[in-house]
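Working notes, structure below.
Every number in this text was worked out from the coordinates using simple rules, so none of it is lab data. Computed from a predicted structure; not experimentally measured. Methodologically, a virtual Cβ is constructed for each residue, glycine included, from the backbone with ideal geometry; neighbour enumeration extends over all protein chains shown.
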Amino acid sequence: MVPQHEGGGLMRADLLTDAVDGLDEALAAVDGFDEVLVDGLLRPQPAQAVGPAGLADAVAGSPLAGRVAEAAEKTAAGAAGEDHFVALAAARTALLGSVHDALVVRAEEAVGRPRPEEIGTAPPGGAEHAVNLLVAARSWLCDLARAGWRGIDHELVAGASAVVSAMLPEPGLRRLAALLDGFAAELAASCPGATLEQVPVRRWADLWSRAMLLTLPGAVSAPAVAGVTGRLLPLGMDLQEHATAVQAQVHAVFEPADGGASRLVRASVSAPKPDSVVGAGLWQLLRPRLSLLAAVSEGRAMELDAMPVTAEGDLLWDDARARTGEPAEVFATARVALPTAVASPTAPLDRHPARIAVPVLLEGYGVEEGEDGPVFLVAGVRLAVDVDRVPAAGPLTPEAVAGSGACVGLLRWDAGAFVLQPLAVERTVRKKAVAVHAGAWAGGTSDKAGVRAEKAATDTVTVLRERAGRLLRK
């Protein structure tokens, strides 16, 4: 339950399990189209025409209706061109965007949080990017769609490398270049597609459709940025790790100095990493890039002065515009400031169920053991806890979550249901409430386990730097 402080109230946990009108139908239309991409659109069989047709039916009442209907017809005839593939990608993205919006509304109704104001789509500014590179990227993506995931081979996948290399020097194209590079790497690791036992159908269709839309000139413009001054109260940290990269994202409440409404914001930092640096060693790669990590670790607020922030609530962090403030305990922030903080809107191309991450405080729940980990019993409703998202680079463990009495976390949508990702929990130790945070080691720690993990990581990083130095000298 969410405590009844000002603006707060009891959590309507039943809303998290109630059916959302139209949700299943929208996802079914997306799944139908995704299955067609498995075998490709070059020579579709009659049964495959059902997928694009279902997509067209699902957006029949939207401005996309005419273009998508034509694209579905051409695809069924095996005569679809680039414009038709773009229309199908747009329809798929729009459907998942509608699912995102419906689920976010449901989650915010459940926690009783104020609704954000919508943001307009401003026309793109600045110079147009090299159109020939966008055309080349779109051509490669269309070739992928025609071949299908079962039809990929190393020659087809390698076609992306020249496009990516040409895009990387262009700052405005790096977002698309990074997406294409990662997508091509996944496909290359799975070649030949004909031998795949299992295809990541939804994931590859997500990457394909997003990349297709990013090849349209003006699809992504520079975000609207404003400077904000006030106090930043951290709620918790989400750490995401890949074999070659790591990102830490701090979720926080921002209180404007002018007394305006508090809002939910995020601050992120990313860094490349070798695959041998794992666990607590990740913080060594991130600390030099973001002073906020130390404040999270120490449980302190940050005072911001004209810090740039986008309309979507992402702080463009500048250490020169921030200084460490007074102590700010996470659960005190969650109990007092979180209930009235307004969420930021989501940019159109970022509206996807996988992007949902609604900060929430839960208290007074029961805990039982489920098949995949702890399950919280909130007002009689079972809410699965995604302990797989808890990073190994901190003291928060599944056992600590299972023994907790309060939790600050992110409400997410996964596998057709709402789940909770814990960021911090409060448990009773020797009759005292003790908080355990996923990001407690971010700025350094005296915890024995953390110190040992840091030392092992330091040794690994030192060896890697020495080897890199020898290679450079040669």
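Going by the alpha-carbon gyration tensor, a ≥ b ≥ c the square roots of its eigenvalues, is the range 225-340 rounded (a/c under 1.5) or, if a/c is not under 1.5, prolate (a/b greater than b/c) versus oblate? Show your work: numbers first, answer last.
On the way: a/c = 2.04, a/b = 1.68, b/c = 1.21.
Judged from the Cα gyration tensor, the range 225-340 comes out prolate (a/c at least 1.5, a/b above b/c).
What does the extension gain come out to for residue 377 and residue 430, with contour length at 0.36 nm per residue minus their alpha carbon separation? If you can, show how the numbers build up before the last one.
Numbers: separation 53, 0.36 × 53 = 19.08 nm, distance 2.43 nm.
So the extension gain works out to 16.6 nm.
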Exercise. Using Cα positions and a limit of under 17 Å, work out the aspartates and glutamates in reach of residue 432, with same-chain residues fewer than 8 apart set aside.
Key: 329, 363
Quiz item: Helix 65-76 sits at what angle to the longest principal axis of the chain, using alpha carbons and giving 0 to 90 degrees rounded to 10?
Solution: 60 degrees
Practice problem: Return the calculated 222 nm mean residue ellipticity for the chain, to the nearest 500 deg cm²/dmol, obtained by summing -39500 (n - 2.57) across DSSP H runs with n ≥ 4 and dividing by the residue count. | Solution: -12000 deg cm²/dmol
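What percentage of all Cα-Cα pairs in the chain are separated by more than 35 Å? Can you show the working numbers first?
On the way: 42848 of 112101 pairs.
Summing the P(r) tail past 35 Å for the chain gives 38 percent.
Residue 369 to residue 197: extension gain in nm, 0.36 nm per residue of separation minus the Cα-Cα distance? Please list the in-between numbers first.
Working: separation 172, 0.36 × 172 = 61.92 nm, distance 3.20 nm.
Once the chain is fully extended between residue 369 and residue 197, it gains 58.7 nm.
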Quiz item: Karplus couplings for the range 304-314 from phi (6.51 cos²θ - 1.76 cosθ + 1.60, θ = phi - 60°), rounded to Hz, Gly and Pro as x?
Solution: 9, 10, 6, 6, x, 9, 7, 5, 7, x, 9
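Output the peptides 16-25, 294-303, 84-93 sorted from most to least packed, where packing is the average of other Cβ atoms within 10 Å over each peptide's residues. Don't skip to the answer; put the middle values down first.
Working: 16-25: 12.9, 294-303: 20.4, 84-93: 24.1.
So the order, starting with the most tightly packed, is 84-93, 294-303, 16-25.
Could you tell me what percent of the DSSP beta bridges with both partners in the chain are antiparallel, to the nearest 5?
Numbers: 63 of 68 bridges.
In the chain, DSSP labels about 95 percent of beta bridges as antiparallel.
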Quiz item: Tally Lys and Arg at +1 and Asp and Glu at -1 over the other residues with C-beta under 13 Å from the C-beta of residue 42: what net charge comes out?
Solution: +2
Quiz item: Which whole-Hz ³J(HN,Hα) couplings does the range 426-436 yield from phi under the Karplus relation 6.51 cos²θ - 1.76 cosθ + 1.60, θ = phi - 60°, glycine and proline marked x?
Solution: 10, 9, 9, 10, 6, 6, 10, 6, 10, 9, 10
Quiz item: Which stretch or stretches of the range 282-310 have amide N atoms under 20 Å from the point lying 7 Å from residue 225's Cα along the Cα→Cβ direction?
Solution: 289-293, 303-310
Practice problem: Subtract the Cα-Cα distance of residue 150 and residue 57 from 0.36 nm times their separation in residues, and report this length gain in nm to one decimal. | Solution: 30.8 nm
Exercise. Using only the alpha-carbon atoms of the range 348-437, report the extent along each of the three principal axes, biggest first, to the nearest angstrom.
Key: 49, 31, 22
Quiz prompt | Relative contact order (%) - the chain, alpha-carbon pairs under 8 angstrom, separation at least six | solution = 16 percent
Quiz item: What list of ³J(HN,Hα) couplings, whole Hz, do you get for the range 42-59 from phi and the Karplus terms 6.51, -1.76, 1.60, once you set θ to phi - 60° and write x for glycine and proline?
Solution: 5, 10, x, 6, x, 5, 6, 5, 5, x, x, 5, x, 5, 5, 5, 5, 10
Quiz item: Between residue 261 and residue 449, what is the label-to-label distance in nm when each label sits 7 Å out along the Cα-to-Cβ direction?
Solution: 4.1 nm
Self-check item: Folded to 0 to 90 degrees: helix 201-214 orientation relative to the chain principal axis, Cα
Solution: 80 degrees
Quiz item: By how many degrees, 0 to 90 and rounded to 10, does the Cα axis of helix 174-189 deviate from the longest principal axis of the chain?
Solution: 80 degrees
Quiz prompt | residue 388-residue 158 pseudo-label distance in nm [points 7 Å out on the Cα-to-Cβ vector] | solution = 3.4 nm
Quiz item: Along the Cα-to-Cβ line of residue 132, 7 Å from the Cα, sits a label point; which residues in the range 157-175 have backbone N less than 19 Å from it?
Solution: 159-174
